[in-house]
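Asks: Handing you a structure now.
The values are calculated or read from the model by the stated rules, or taken from the named source; none is laboratory data. In this text, all values refer to a predicted model and were calculated from it rather than measured experimentally. Every residue, glycine among them, receives a Cβ derived from its backbone with ideal geometry; neighbour counts consider all protein chains shown. Accessible surface areas use protein heavy atoms only, side chains included; no ligands, DNA or RNA. Shrake-Rupley method; radii C 1.70, N 1.55, O 1.52, S 1.80 Å.
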Amino acid sequence: MTELLDIRRIYVEPAAADLPRGKEVLARFPDAERVEVDSHQRIPELFGDETNVRRWVRIKREALVLGVKKSLTARPNGRSADFIAPSTANGCAMACAYCYVPRHKGYSNPITVFANIDKITGYLRRHVARQGVKLQPNQCDPQAWVYDIGENSDCSVDAHVSANVRDLVDTFRDLPTAKASFATKHVNRDLLGWDPRGRTRIRFSLMPAEDAKLLDIRTTPIAERIAAIDDFVEAGYEVHVNFSPVVVRDGWLPAWAELLEQLDDGIGPAAKAQLAAEVIMMTHNRELHQVNLGWHPKAEELLWRPDLQQPKRSQNGGWNVRYRTGDKGRYVAQLTGLIAERAPYCRVRYAF
Ligand code: SF4
């Protein structure tokens, strides 16, 4: 297991407990207390109190939710992936200061595992078959239809909890026209034995280590993520990197130059030959800023920069902020220029 998790209580929908995957997960944690719930989406005590960070980190570590995913759809995306696959989990045991997920699902946002994995993999197989062969290369992949399998969770951590991620990797191994893809901030070496045969892309998220120490709470240190890349390539994964989120501050470009140097020193020719990257500039949110001020004001000195950012009304009525138009394009050009100079083998799939 991992020090991230010490599951003491499982909130379980009866329908999930009846499924083979549900039974397996319950058997993995035989000492955990079971609490029956009507719906995995309505468990008020898990929402967490925005002012009590110790309590929500404890919920992350100790609580697990076991549910059934009701609606199965693969959403078109077109940026990082062609489609966002139906989730087999949501929530996260880590606690990155900029994470947008807690805004939607409560401050604690522990892991929810969906037990109807057979329905999900069956749906994906049919969806992939319906696409046929990919005729037009695009920024997601030149040949394969790419499915993001970890939009709402971190698959490397989910794999400590259930076999869902392994089932997905096994499913895509046999789908020559498609590829699974997920971003991660956690190194789980259990995945090295899964034989994905190039049909799963892992995107290790990277940022300068000094920023990660402040912002990427409970994640695997950056040096360890870089050190894992060769091993994952060797094990049959396609390994890309997500340079994200890119936080602009005094000295940010030299810090990114140092990170690119660490990456260059830390990976071998096989990894370099297949490497590509996404670059994602940081966006933030007023509500999250308020919450973070209560528990991690130092992070906000980096994340909340009204002098550099402009607000934009979000779909749900809140205020998001992002780097100012014009300046943002300049930052992206500076960073992609630096990548071209320091890691010229690393193709940038997209940057925004
Ligand atoms: S690892 Fe991803 S999902 Fe988890 S807290 Fe960090 S940003 Fe959010």
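Asks: Kindly check whether there is at least one residue in the range 190-210 that is polar (S, T, N, Q), in contact (Cβ under 8 Å) with a residue 60 or more places away in the chain and within 17 Å of M94 (Cβ to Cβ).
Replies: no
Asks: Still on this model: How many residues are touching a helix residue (DSSP H, G or I) at 6+ places or on another chain (Cβ under 8 Å) and within 16 Å of the ligand (Cβ to nearest atom) if we restrict to the range 59-84?
Replies: Counting residues in the range 59-84 that are touching a helix residue (DSSP H, G or I) at 6+ places or on another chain (Cβ under 8 Å) and within 16 Å of the ligand (Cβ to nearest atom) gives 4.
Asks: Which of the strands (runs of 3 or more DSSP E) found entirely inside the range 62-157 contain at least 2 residues meeting this: closer than 30 Å to A299 by Cβ and at pLDDT 95 or above? Even if it seems obvious, please write down each step before you answer.
Replies: On the way: elements: 63-67, 111-114, 145-148.
Ranges flagged: 63-67, 111-114.
Asks: Pull up the range 311-343, narrow it to residues that are in a loop (DSSP other than H, G, I, E, B) and under 27 Å from D82 (Cβ atoms), then point me to the one that is most open to solvent (accessible area, probe 1.4 Å).
Replies: So, considering only residues that are in a loop (DSSP other than H, G, I, E, B) and under 27 Å from D82 (Cβ atoms), the one most open to solvent (accessible area, probe 1.4 Å) is Q315.
Asks: Hey, any hits in the range 28-47 for a residue that's in contact with a Lys or Arg (Cβ under 8 Å, 6 or more places away or on another chain), farther than 25 Å from L168 by Cα and within 15 Å of the ligand (Cβ to nearest atom)?
Replies: No, every residue in the range 28-47 fails to be in contact with a Lys or Arg (Cβ under 8 Å, 6 or more places away or on another chain), farther than 25 Å from L168 by Cα and within 15 Å of the ligand (Cβ to nearest atom).
Asks: Under the condition of being over 26 Å from the mean Cα position of the chain (by Cα) and surrounded by 13 or more Cβ atoms within 10 Å (Cβ to Cβ), which residue from the range 35-46 is farthest from I120 (Cα to Cα)? So that I can check it myself, show each step before the final result.
Replies: From the range 35-46, those over 26 Å from the mean Cα position of the chain (by Cα) are 35-38; that's our starting set.
If we keep only those that are surrounded by 13 or more Cβ atoms within 10 Å (Cβ to Cβ) too, we end up with 35, 37.
Details: V35: 25, V37: 22 Å.
Looking at residues that are over 26 Å from the mean Cα position of the chain (by Cα) and surrounded by 13 or more Cβ atoms within 10 Å (Cβ to Cβ), I get V35.
Asks: If R201 satisfies every condition in (1) more than 22 Å from R349 (Cα to Cα); (2) buried (at least 22 other Cβ atoms within 10 Å of the Cβ) but one, which is the exception?
Replies: Here R201 meets the rest and fails (1).
Asks: Could you grab me the full set of residues in the range 269-300 that are surrounded by fewer than 18 Cβ atoms within 10 Å (Cβ to Cβ), out of contact with any Asp or Glu (no Cβ under 6 Å at 6 or more places or on another chain) and aliphatic (A, V, I, L, M)?
Replies: Result: A270, A273.
Asks: Only one of D211, D167, D190, D154 is of a type in the set (D, E), closer than 22 Å to I111 by Cα and crowded, with 19+ Cβ neighbours inside 10 Å. Can you tell me which?
Replies: Unique residue meeting the criteria: D154.
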